[in-house]
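Below is one structure, written out as structure tokens; comments come after it.
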Amino acid sequence: FQCTNMAMGGLPDVNTENPAFQKYYMDFVNRLLAYGVSGFRYDTAKHIALPSDPLDSLSERNNFWDVALGREAVDGVKLAVPADSLFIYGEVLQDKNVKEEEYAGYMKLTASNYGHALRHVLEEQDYYADSLGSWHHPSPGTKLVTWVESHDTYANAHESAHISDAAIRQGYVFLTARSEGTPLFFSRPAGSTRQNYWGNNLVGARGNDEFMHPEVVAVNKFRRRMHGQPEIVRATDSGRVVVVERGTKGAVLINLSDGEQTVSLPSALPDGNYVDKVHNSSFTVNNGELSGKLAPLASYIITGRGVAI
């Protein structure tokens with residue numbers, strides 16, 4: 001009751017169950033859709049009640065999500081397009097007593113616990129330091145928005161801010177190379193360093209250039225080209241190098257460590273020589289074994305013949 005009806009962070013709670021507010025809100029949403037908006041992120045979504053949550057004394061039903069997602073109208077106003085034609089996800093940070101499965105019946109959700117596990121792997125420079133085979137969530141990967149870090153983990157007590165830009169980038173490449181989850185890249189403040197987390201931070205200004213790094217650009221393109229291809233994740237015995245293969249069409253190799261690594265792992269890629277799309281480094285697949293060298297904290301994107309990115 002406190003989570004969904006009371007003040008949060010010193011801010012008064014919006015009466016989301018009030019039909020007058022709901023109509024006002026849906027008029028606003030429909031104007032955005034008319035302008036061409038194609039998706040929404042619901043901030044603090046777990047602070048908006050589900051039908052099964054306790055009622056505020058002034059409310060008859062907890063039906064905000066049914067109205068917001070177009071399942072019912074309010075005072076003649078309804079979501080202007082089908083909800084499944086939009087990209088909608090809710091910031092439902094994982095914690096005790098969070099009804100993740102019920103929220104997932106409405107929209108995609110944030111996989112905050114998976115981000116925590118991935119950061120542990122990056123800090124230890126060891127794929128086996130935590131479990132990345134499970135999404136740490138009751139929902140499947142197709143319903144999740146994934147991240148290495150968020151604005152909260154960066155700014156609130158600087159939980160993730162000490163991790164280098166390069167290590168964060170390797171984590172993002174890993175998430176994006178995978179077949180499931182929708183990866184989110186947090187743009188750190190421009191001019192920020194590991195000694196000065198805020199950098200040249202200004203409200204409304206764009207962040208640093210990491211989102212344009214060649215590894216980020218290449219893996220974004222790789223993900224699009226590999227749509228529908230099955231996924232296999234492998235790691236070296238040391239855990240320093242992880243490889244995400246997508247069928248027989250391509251692979252992404254990630255060096256999690258700050259030292260040069262040599263890789264030799266089984267591969268489904270056809271035998272042959274490959275040159276990665278970022279660093280122009282050479283890799284070889286011979287008798288089903290992928291081999292090559294990786295620079296510290298670097299990612300390599302390779303694709304088979306006829307697969308351009």
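The values are calculated or read from the model by the stated rules, or taken from the named source; none is laboratory data. None of the values given here were measured: they were computed from a predicted structure. Ideal geometry is used to build each Cβ from the backbone, glycine not excepted, and the neighbour counts take in all protein chains shown.
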Of the residues TYR106, TYR128, TYR89, which is touching a residue at least 24 places away in the same chain (Cβ under 8 Å), part of a loop (DSSP other than H, G, I, E, B) and touching a strand residue (DSSP E or B) at 6+ places or on another chain (Cβ under 9 Å)?
TYR106
For the range 251-258, state whether one or more residues are at pLDDT 95 or above and exposed (fewer than 15 other Cβ atoms within 10 Å of the Cβ).
yes
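Condition check ((1) on the phi > 0 side of the Ramachandran plot; (2) more than 18 Å from the chain's Cα centre (by Cα); (3) assigned by TED's automatic domain parsing to the domain that holds GLU123) across all residues:
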residue	(1), (2), (3)
TYR172	no, no, yes
SER179	no, no, yes
PHE186	no, no, yes
SER192	no, yes, yes
GLY239	yes, yes, no
VAL243	no, yes, no
LYS249	no, yes, no
Residues of the range 194-220 being surrounded by fewer than 14 Cβ atoms within 10 Å (Cβ to Cβ) and not hydrophobic (A, V, I, L, M, F, W, C), in sequence order, are ARG194, GLN195, ASN196, ASN200, GLY204, ARG206, ASP209, PRO214
Go through the residues of the range 221-228 one by one and say whether even a single one is in contact with a Ser or Thr (Cβ under 8 Å, 6 or more places away or on another chain), within 21 Å of SER164 (Cβ to Cβ) and crowded, with 19+ Cβ neighbours inside 10 Å.
no
If we keep just the residues of the range 136-175 that are of a type in the set (S, T, N, Q) and free of Cβ contacts under 8 Å to residues at least 60 places away in the same chain, which is farthest from LYS249 (Cα to Cα)?
ASN156
Can you name the condition, by its number, that VAL244 falls short on among (1) in contact with a helix residue (DSSP H, G or I) (Cβ under 6 Å, 6 or more places away or on another chain); (2) farther than 23 Å from LEU144 by Cα?
(2)
So which residues in the range 288-309 are of a type outside the set (Val, Ile, Thr) and part of a loop (DSSP other than H, G, I, E, B), if there are any at all?
GLY288, ALA295, PRO296, LEU297, ALA298, GLY304, ARG305, GLY306, ALA308
Just wondering, is there one or more residues in the range 60-74 that are more than 23 Å from GLU100 (Cβ to Cβ) and modelled with pLDDT under 95?
yes
Just checking, how many residues over the range 33-54 are of a type in the set (A, V, I, L, M, F, W, C), loosely packed, with under 15 Cβ neighbours inside 10 Å and over 19 Å from LEU86 (Cβ atoms)?
0
